[in-house]
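Undergrad: Below you will find the structure I want to go over with you.
We did not get these values from a lab; they are worked out from the coordinates using the rules stated. Computed from a prediction, not measured in an experiment: that's the story for all the values here. All Cβ positions, glycine included, derive from the backbone under ideal geometry; neighbour counts span all protein chains shown.
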Amino acid sequence: MKVLQKNLLLFIFSLGSIFLIINNISCSDKLKDNSPKDSNLINALQSNQYGLVYLALATSAYSDPKNIGNIVDSIKIRLKSFPQIPNPSNFAFSPSAQWNLEWGPSMAPDNSNFVFIVNYGTVDTMYFRAIVLRGTDVSSSDTGLINQLFQDFSAFQQFPWNEFLYDSLKDYNVYNRNINITDTSAHIAFGSAEALRKVLSLTPEFLADSGAIGSGNLIQYLQSVEAENQNIPLIITGHSLGGALTQAVSAFLAWQLGNAYQAGNQPVCSLIIPNAFAPPTVGDSSFVEFYDSIYPNNYYWYNVSDIAPKAYVCVDSVKVLWGAYPDSHSKSGFGASCPDWLVNTIDSLQPLLPNYARPSNNIICFTASYLHNPDTLFINFGAWYTQLIYQHFPHCYYTYLSKMPELAPYNPYKY
């Protein structure tokens with residue numbers, strides 16, 4: 001009888017063990033299918049499917065920059081109002097997934113540069129995080145606007161990329177990386193180098209009293225969370241100057257944090273996904289060749305009728321940017337004529353510009369229609385300047401990108 005009881009207990013124990021093993025395998029498979037590393041989610045993040053989502057993030061960086069006291073709440077309120085992201089094929093986000101401010105915002109004391117990190121997920125699962133970089137904001141302080149314009153237009157001098165990395169060793173080299181760059185031909189615009197240097201130095205402490213989250217600079221924070229959240233995809237996005245900084249920040253992260261975002265032995269940062277909107281170019285052809293090789297999934301979104309992406313690749317075309325469209329405000333009838341002073345400036349300065357190039361991977365462009373009766377939109381600016389503002393602002397980008405059928409619909413703004 002005791003033997004029978006013993007065998008029965010062993011049978012029950014064995015059956016229970018088998019059940020636990022099967023259950024653990026089932027739970028493990030379920031967790032794997034719904035983890036941030038799911039290939040279906042990664043493929044969606046790496047494609048152009050979420051272009052409007054990334055543009056929404058880039059636009060959110062312009063939230064109420066004049067009111068420093070409320071700027072943190074402004075970001076949080078806007079994120080809270082964002083709808084859920086459409087599910088990619090063969091993957092479902094949790095119904096409770098939402099946007100969360102994770103680090104920052106961090107702003108320069110003169111309000112020139114502004115950056116923060118958000119994530120999308122639940123309490124238990126983070127699907128991805130994103131670095132959001134603000135573009136040139138005319139409502140910044142006078143000093144801040146001047147510094148932003150300096151970053152935008154200081155393109156007549158270039159800075160060697162490897163020298164920038166050497167200069168960064170002291171302050172931002174949290175991993176003690178070696179600089180094994182034998183090709184010294186890559187250069188970035190002097191203004192872009194200054195903007196990158198400033199962004200890398202920003203910490204949330206400046207806005208801590210307003211509720212900013214976290215501590216340390218951007219690189220220090222990303223390094224601190226890497227061990228906790230291995231292989232979480234990282235989106236980098238911005239509009240205008242923020243789009244230029246998207247390229248510069250991504251290139252820097254490839255050196256400093258690249259190993260943390262590679263899948264297996266891949267030589268590329270497949271889990272860092274840059275999306276630059278309406279960006280001027282930041283580097284020469286050698287820099288772009290390096291950037292494209294590291295980021296095969298980088299995206300470069302621009303409007304052909306937008307002046308900003310023409311800097312500094314095809315500046316001469318600015319002179320006839322809107323000249324082909326009929327315009328009742330133009331005596332010639334051939335369009336909103338480029339101001340004479342700008343034509344003369346372009347003719348004088350273009351020969352002085354060094355070599356610049358656009359990234360060649362995943363360029364997505366559209367041609368916005370000419371804005372008729374432009375003076376009704378921005379009073380007293382004049383037809384040419386009104387076109388400049390309209391063609392460059394995110395509203396125009398939303399209007400035309402939302403017409404692309406391959407992009408998931410997503411627009412949390414009412415214009």
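Undergrad: Could you give the length gained by full extension between Ser81 and Ile346, i.e. 0.36 nm per residue of separation minus their alpha carbon distance, to one decimal place?
TA: Contour length minus the Cα-Cα distance gives 91.1 nm.
Undergrad: While we're here: Quick check on my link table: of Lys198/Lys319; Lys198/Lys310; Lys310/Lys403; Lys319/Lys403, which ones sit more than 30 Å apart, alpha carbon to alpha carbon?
TA: From Lys198/Lys319; Lys198/Lys310; Lys310/Lys403; Lys319/Lys403, over 30 Å: Lys198/Lys319.
Undergrad: Cβ neighbours within 10 Å, averaged per peptide: list 297-310, 95-108 in order, most packed at the top.
TA: 297-310, 95-108
Undergrad: Residue-wise, which Karplus ³J(HN,Hα) couplings in Hz belong to the range 92-99, taking 6.51 cos²θ - 1.76 cosθ + 1.60, θ = phi - 60°, and x for glycine or proline?
TA: Here the 3J(HN,Hα) series is 10, 5, 4, x, 9, 5, 7, 7 Hz.
Undergrad: Continuing with this model, one more query. Could you calculate the FRET efficiency of Leu353 with Ser293 from 1/(1 + (r/R0)^6), where r is the beta carbon distance between them and R0 is 30 Å, rounded to 0.05? Mind dumping the intermediate values first?
TA: Details: r = 25 Å, r/R0 = 0.82.
Calculated transfer efficiency: 0.75.
Undergrad: Can you list residues from other chains, or at least 5 along the same chain, whose modelled amide H is less than 5 Å from the amide H of Ile236?
TA: Long-range HN contacts for Ile236: Ile131, Ile273, Asn275.
Undergrad: Turning to a different aspect of this structure: With θ set to phi - 60° and the Karplus curve 6.51 cos²θ - 1.76 cosθ + 1.60, what are the ³J(HN,Hα) couplings of the range 296-310 in order, to the nearest whole Hz, using x for Gly and Pro?
TA: Per residue, the Karplus-derived 3J(HN,Hα) values read x, 9, 6, 10, 10, 9, 7, 8, 4, 8, 9, 6, 4, x, 7 Hz.
Undergrad: Where does each of 189-202, 352-365, 233-246 land if you order them by average Cβ count within 10 Å, highest first?
TA: Ranking, from highest mean packing down: 233-246, 189-202, 352-365.
Undergrad: Give me a comma-separated list of calculated 3J(HN,Hα) values for the range 340-347, in order, Karplus coefficients 6.51, -1.76, 1.60 applied at θ = phi - 60°, integers in Hz, x for any Gly or Pro.
TA: So the J values, rounded to whole Hz, are 4, 4, 6, 4, 5, 5, 4, 4.
Undergrad: Looking only at the range 76-111, which residues have a backbone nitrogen under 16 Å from a spot 7 Å from the Cα of Leu149 in the C-beta direction?
TA: From the range 76-111, the list is 111.
Undergrad: Once you place label points 7 Å from the Cα toward the Cβ at Glu163 and Val138, how far apart are they in nm?
TA: Inter-label distance under the simple model: 3.5 nm.
Undergrad: Applying 1/(1 + (r/R0)^6) with R0 = 45 Å to the Cβ-Cβ distance of Val304 and Phe190, what FRET efficiency is obtained, to the nearest 0.05?
TA: Once the sixth-power term is evaluated, E becomes 0.95.
Undergrad: Provide the gained length on full extension for the span Asp316 to Asp124, in nm with one decimal, where the gain is 0.36 nm per separating residue minus the Cα-Cα distance.
TA: 63.9 nm
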